[in-house]
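Working notes, structure below.
The values are calculated or read from the model by the stated rules, or taken from the named source; none is laboratory data. None of the values given here were measured: they were computed from a predicted structure. FYI the Cβ positions are ideal-geometry reconstructions off the backbone, even for glycines, and counts take in every protein chain you see. The protein model used for the area step is the full one, side chains on, heavy atoms only, and it has no ligands, DNA or RNA in it. Shrake-Rupley method; radii C 1.70, N 1.55, O 1.52, S 1.80 Å.
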2 protein chains.
Amino acid sequence: MLNQSGDVDRLLHALADPTRRRIVEQLGRGPATVSELAAPLPMSLPAVLQHLQVLTASRIVATDKVGRVRTCRLEPDRLGVVADWIAARRQTWERRLNRLGEILAQDDSPATGTRESET
Amino acid sequence: MLNQSGDVDRLLHALADPTRRRIVEQLGRGPATVSELAAPLPMSLPAVLQHLQVLTASRIVATDKVGRVRTCRLEPDRLGVVADWIAARRQTWERRLNRLGEILAQDDSPATGTRESET
DNA sequence: TCGATAGTTAAGTAGATGCTTAACCAATCG
DNA sequence: CGATTGGTTAAGCATCTACTTAACTATCGA
């Protein structure tokens, strides 16, 4: 596993788990304590804690402990980092399709093959 | 691991690996054969094949075998599925912030506590 | 101060993941 | 035909992951 772009990597890894996505979705509706988050989930508290560690490591979630209760909230725009990565990929993809479309429209006789990725 | 929303799940899982993201990025610049994809990657061909299996299972990548050469291309808008999931989360998040902002602007005396997630 | 509540830490485990090497098959090419 | 090229399959292995239970700490409330 080669690890460039650690930020996107940690983010996507964090979101790749259904349980963690559920936590993110719940926090999207407002802050919650650890046990509030754990309540609807079909697993032990320590398991939830471990998911929270992954989420805070990727900085999607921030937590704040007051007495003995830790409150979790969504970090402002960490989802934007992933959104940006995706947007960038889609853009180069669409640009490529446009170029390809122009080339095909320009001329009806594709003399030098169909492999536009060369040149 | 509870598995709802299998589509987003498979997609995010596929994208959570750096090697697979590299493959997606390369295919964004145009179709490529299996060995063209494998060439820049520091691993064996079978390993690349396994990554391709994950990518095709999530349907980000489609492949087409002609003689003995298999050509891979990006599937039109599977990244959009992930983008949509993220967009939805961001939207509820921002709506919540707006509601919260209105409430705070409306009145300066927060008599009934700071826990806006109730009610 | 005692007990319940909220969370934390540690250690162990079954199964998934990301690789490897060693065959193997099928389409070209000389 | 026989060798090469491009890909595929199978098996094995080290590591990571998502849990578990048990034990422990710290705060709060009576």
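Taking the numbered list (1) farther than 15 Å from A:Leu15 by Cβ; (2) within 11 Å of chain A (Cβ to nearest Cβ) in turn, B:Ala14 passes all entries but (1).
Of the residues B:Leu37, B:Leu41, which is within 11 Å of DNA strand C (Cβ to nearest atom), open to solvent by less than 20 Å² (accessible area, probe 1.4 Å) and over 19 Å from A:Ala88 (Cα atoms)? That would be B:Leu41, the only listed residue that is within 11 Å of DNA strand C (Cβ to nearest atom), open to solvent by less than 20 Å² (accessible area, probe 1.4 Å) and over 19 Å from A:Ala88 (Cα atoms).
Here is a yes/no grid of residues against (1) within 14 Å of DNA strand D (Cβ to nearest atom); (2) closer than 23 Å to B:Arg21 by Cβ; (3) within 16 Å of the chain's Cα centre (by Cα):
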{"position": "A:Pro18", "(1), (2), (3)": "yes, yes, yes"}
{"position": "A:Ser35", "(1), (2), (3)": "yes, no, no"}
{"position": "A:Ser44", "(1), (2), (3)": "yes, no, no"}
{"position": "A:Leu79", "(1), (2), (3)": "no, yes, yes"}
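Taken over the range A:58-78, the criterion of being within 23 Å of B:Gly80 (Cβ to Cβ) and free of Cβ contacts under 8 Å to residues at least 24 places away in the same chain is satisfied by A:Asp77 alone.
Screening the candidates A:Val69, A:Val82 for the property of being β-branched (Val, Ile, Thr) and within 21 Å of B:Ala88 (Cα to Cα) yields one hit, A:Val82. The numbered conditions (1) in contact with a Gly (Cβ under 8 Å, 6 or more places away or on another chain); (2) near DNA strand D (Cβ under 10 Å from one of its atoms) are all true for A:Leu74 except (2). Residues that are open to solvent by less than 50 Å² (accessible area, probe 1.4 Å) and more than 16 Å from DNA strand C (Cβ to nearest atom) occur in the range B:66-77; there is at least one. Considering the conditions (1) more than 16 Å from DNA strand C (Cβ to nearest atom); (2) more than 12 Å from chain B (Cβ to nearest Cβ); (3) not in a helix (DSSP H, G or I), A:Leu104 is excluded by exactly one of them, (3). The set of residues in the range A:1-33 being open to solvent by 20 Å² or more (accessible area, probe 1.4 Å) and farther than 24 Å from B:Gly6 by Cα consists of A:Met1, A:Leu2, A:Asn3, A:Gln4, A:Ser5, A:Gly6, A:Asp7, A:Pro31, A:Thr33. When B:Leu49 is tested against (1) away from DNA strand D (no atom under 14 Å from the Cβ); (2) part of a helix (DSSP H, G or I); (3) surrounded by fewer than 19 Cβ atoms within 10 Å (Cβ to Cβ), just one condition goes unmet, and that condition is (1). For the range A:86-99, the condition of being at pLDDT 95 or above and open to solvent by 70 Å² or more (accessible area, probe 1.4 Å) holds for none of the residues.
Considering (1) at pLDDT 95 or above; (2) at negative phi; (3) assigned to a loop (DSSP other than H, G, I, E, B), the lone condition that A:Pro76 does not fulfil carries the number (1).
Among the listed residues B:Ala62, B:Ala83, which satisfies the condition of being away from DNA strand C (no atom under 16 Å from the Cβ) and either exposed (fewer than 15 other Cβ atoms within 10 Å of the Cβ) or assigned to a helix (DSSP H, G or I) (or both)?
One residue alone meets the criteria, B:Ala83.
Quick one: which of B:Leu55, B:Leu27 is away from DNA strand C (no atom under 13 Å from the Cβ), more than 7 Å from chain A (Cβ to nearest Cβ), in contact (Cβ under 8 Å) with a residue 12 or more places away in the chain and touching a Cys at 6+ places or on another chain (Cβ under 9 Å)? Break it down stepwise before answering.
Working: B:Leu55 fails: away from DNA strand C (no atom under 13 Å from the Cβ).
Being away from DNA strand C (no atom under 13 Å from the Cβ), more than 7 Å from chain A (Cβ to nearest Cβ), in contact (Cβ under 8 Å) with a residue 12 or more places away in the chain and touching a Cys at 6+ places or on another chain (Cβ under 9 Å) holds for just one of B:Leu55, B:Leu27, which is B:Leu27.
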